[in-house]
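Colleague: Take this structure first; my questions come after.
Quick note: the coordinates plus some simple rules give every number you see, no bench work behind them. Remember, predicted model here, so these are calculated numbers, not experimental data. Note that each Cβ is placed from the backbone with ideal geometry, even for glycine, and that neighbours are counted across all protein chains shown.
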Amino acid sequence: MSPTTSRASRRYTGVFPVVPTTFFDDGTLDLESQKRCVDFMIDAGSNGLCILANFSEQFLLADDEREVLTKTILQHVDGRVPVIVTTTHFGTEVCAQRSRRAQDMGASMVMVMPPYHGATIRVGEPLIREFFARLSDAIDIPIMIQDAPVAGTPLSPAFLASMAKEIEHVAYFKIETAGAASKLRELIALGGDAIEGPWDGEEAITLLADLDAGATGAMTGGAYPDGIRTIVDAYREGRREDAVLAYARWLPLINYENRQGGILTAKALMKAGGVIGCDAPRHPFAPMHPAVRAGLLDAARRLDPLVLRWAK
């Protein structure tokens with residue numbers, strides 16, 4: 001049974017953006033840019049970081065590269081902020097081994113999607129529950145379940161709440177599905193204090209509604225945590241009207257990332273600001289279209305985010 005946790009003693013709250021993975025033009029890992037990226041994100045006010053997520057292009061990484069990135073980033077962060085490591089894999093034991101290694105290297109939490117493969121290979125609720133129970137038995141740090149459309153696996157609030165109550169380390173939930181606010185609200189009502197971390201996702205496009213629903217964390221893109229903090233901090237301090245105004249101010253850029261730039265947004269802005277050396281993805285992921293890049297930079301320059309000034 002998960003120990004109940006009061007709202008006041010929740011371990012991880014605030015803005016935990018996803019760290020993009022940085023490559024050279026030839027597709028090899030650029031670890032120096034990776035370190036600068038992390039330094040910028042911490043300087044920009046990130047309460048914590050998440051690595052190896054989909055917005056990190058994890059699906060383009062080899063297993064040995066995952067190990068290199070995890071070790072490099074955790075050593076470079078050196079405890080300055082907590083780091084969530086994404087360890088998703090269809091295989092229960094592979095996911096457990098990944099998670100144990102991440103924990104041993106200093107991860108504060110792991111984020112995992114329910115087991116899936118491709119467009120059609122899924123498992124039902126009993127095996128999903130067993131998957132997360134075995135994962136929990138393998139580690140001593142919290143598990144965040146990533147409830148994302150890419151997994152194609154329906155996870156009802158009742159099912160998620162029951163796992164939070166019954167599986168020791170299942171305590172955080174990143175909700176990215178349609179109607180996220182309603183799902184968060186129901187999840188909190190059903191799970192109570194077992195839901196230690198009801199979190200917003202999807203680049204903050206539903207952030208205000210999710211905060212109203214009770215979200216205590218936000219996992220966003222990595223380029224402008226300074227902007228997201230103005231929303232989340234105001235809301236957490238009870239200044240909802242200030243949060244609404246901050247959300248309205250940053251919403252054009254949030255929307256551009258969510259609906260236009262997507263996964264490559266953070267790297268495009270970091271490259272424009274001199275934080276990293278190259279913003280290209282790996283083949284066969286398509287690079288950002290120049291017109292999309294121009295629109296993104298136009299939206300960003302109107303807000304003067306730290307990403308465009310940090311390295312200058």
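Colleague: From zero outward in steps of 5 Å, how is the percent of C-alpha pairs of the stretch 194-312 spread across the bins?
Modeller: 2, 12, 21, 22, 17, 12, 8, 4, 1, 0
Colleague: Of the candidates Thr92, Thr177, Thr28, which one comes out as most mobile in a Gaussian network treatment of the chain with C-alpha springs shorter than 10 Å?
Modeller: Thr28
Colleague: Counting only helical runs of four or more DSSP H residues, what would the 222 nm mean residue ellipticity of the chain come to if each run contributes -39,500 (n - 2.57) and the total is spread over all its residues?
Modeller: Mean residue ellipticity at 222 nm (helix-derived): -13500 deg cm²/dmol.
Colleague: So between Arg309 and Glu125, what do we pick up on full extension, going 0.36 nm a residue minus the alpha carbon distance?
Modeller: That pair, Arg309 and Glu125, stretches by 61.5 nm at full extension.
Colleague: Under the definition of Cα pairs under 8 Å and six or more residues apart, what whole-number percent is the relative contact order of the chain?
Modeller: Numbers: 575 pairs, mean separation 64.9, N = 312.
Reported relative contact order: 21 percent.
Colleague: Please list, in order along the stretch 108-125, the HN-Hα scalar couplings obtained from phi with the Karplus expression 6.51 cos²θ - 1.76 cosθ + 1.60 (θ = phi - 60°), rounded to whole Hz, x for Gly and Pro.
Modeller: Per residue, the Karplus-derived 3J(HN,Hα) values read 8, 7, 10, 10, 9, 8, x, x, 7, 8, x, 8, 10, 8, 9, 10, x, 4 Hz.
Colleague: When ranked by the protection proxy of mean other Cβ atoms within 10 Å per residue, highest first, what sequence do the peptides 296-306, 268-278 form?
Modeller: 268-278, 296-306
Colleague: Now for a different question. Over the stretch 217-268, what portion of Cα pair distances is larger than 19 Å, expressed as a whole percent?
Modeller: So the pairs more than 19 Å apart make up 25 percent of the total in the stretch 217-268.
Colleague: Place the peptides 45-55, 205-215, 29-39 in order of packing, highest mean first, counting for every residue the other Cβ atoms within 10 Å and averaging per peptide.
Modeller: Sorting 45-55, 205-215, 29-39 by mean packing, highest first, produces 45-55, 205-215, 29-39.
Colleague: Ok, one more. If you bin the C-alpha pair distances of the chain every 20 Å from 0, what whole percents do you get?
Modeller: For the chain, the pair-distance distribution reads 35, 60, 5.
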